[in-house]
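Data block below; observations after.
The values are calculated or read from the model by the stated rules, or taken from the named source; none is laboratory data. In this text, all values refer to a predicted model and were calculated from it rather than measured experimentally. Note: ideal-geometry Cβ built from the backbone for every residue, glycine included; neighbour counts use all protein chains shown. Remember, those area values only see protein heavy atoms, side chains included, never the ligands or the DNA or RNA. Shrake-Rupley method; radii C 1.70, N 1.55, O 1.52, S 1.80 Å.
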Amino acid sequence: VPGNVSPSVVITEGMICAFGGYPRKMSIGLKRGGSGDVTDNLRWDSKVTTYVPTPLAYGDHLYWVNDSAEAICMEIASGKVVSKKTVEGLARSKRFSFYASMVRAGDRLYAVSRHNGTFVFEANQEMKQIAQNSFEDRSDFSGTPALAKDAIYLRSGKFIYCIGE
């Protein structure tokens, strides 16, 4: 099948999850282990996926904001979507709004959009959106943020930002 896959594979204690694809999009969850033909390891497949950002595994769930600006929480073991909601506060087209992968610090999830700032969610199944922070920088933010000690580093097309106390 022609196409591509952009997100990284997510490996947890018991599962291997893969996402993406273009033009045919899907996600799958495989039980870890085995050799040779591991077809029987397939635990789920879903049309709910992401094109560029890699989902974040935290607890028993996967979290991400997809390229259509939907915040999604999915059970790792079953592939069941627990919550799916549109991100509020996007000024430009929702299509391909997020390329950066989500990161977690404490009880917060951070999703950096390409043109509308960083969106903050509660790190739980409801993924309540609690903040939107942005800079005057109008260049593209496509890189996944880096977390180090008590700071978050963001990269735009023009600058690198360090946010901390």
- Query: Which pairs do you get when a residue that is within 13 Å of Glu126 (Cβ to Cβ) and open to solvent by less than 10 Å² (accessible area, probe 1.4 Å), found in the range 55-77, comes within reach of a residue that is among the hydroxyl-bearing types (Ser, Thr, Tyr) and part of a loop (DSSP other than H, G, I, E, B), reach meaning Cβ atoms under 8 angstrom, with the pair 6+ apart or on two chains?
  - Reply: Ile72/Thr50
- Item | Residue ID - modelled with the lowest pLDDT, chosen from residues in the range 60-79 that are in a strand (DSSP E or B) and in contact with a Lys or Arg (Cβ under 6 Å, 6 or more places away or on another chain) | Glu70
- Hey, Ile11 hits all of (1) modelled with pLDDT of 95 or more; (2) open to solvent by less than 60 Å² (accessible area, probe 1.4 Å); (3) aliphatic (A, V, I, L, M) but one; which does it fall short on? (2)
- Task: Quick one: Val82 ticks every box in (1) among the β-branched types (Val, Ile, Thr); (2) more than 18 Å from Arg104 (Cα to Cα); (3) outside any strand (DSSP E or B) except a single one, so which number is it?
- Result: (3)
- Task: Give the number of residues within the range 101-122 that are in contact with a Leu (Cβ under 9 Å, 6 or more places away or on another chain) and either assigned to a loop (DSSP other than H, G, I, E, B) or surrounded by fewer than 15 Cβ atoms within 10 Å (Cβ to Cβ) (or both).
- Result: 7
- Message: Condition (residue is at negative phi and touching a residue at least 60 places away in the same chain (Cβ under 8 Å)) applied to the range 82-105: is it met by at least one residue?
- Response: yes
- Query: With Gln132, Gln125 as the choices, which residue is closer than 22 Å to Ser83 by Cβ, open to solvent by 70 Å² or more (accessible area, probe 1.4 Å), part of a loop (DSSP other than H, G, I, E, B) and in contact (Cβ under 8 Å) with a residue 40 or more places away in the chain?
  - Reply: Gln125
- Message: What's the number of the only condition in (1) hydrophobic (A, V, I, L, M, F, W, C); (2) open to solvent by less than 20 Å² (accessible area, probe 1.4 Å); (3) over 16 Å from Val10 (Cβ atoms) that Ile152 fails to meet?
- Response: (2)
- Residue check, Lys47 against (1) within 30 Å of Gly143 (Cβ to Cβ); (2) modelled with pLDDT of 95 or more; (3) charged (D, E, K, R), all met but one. Which one? (2)
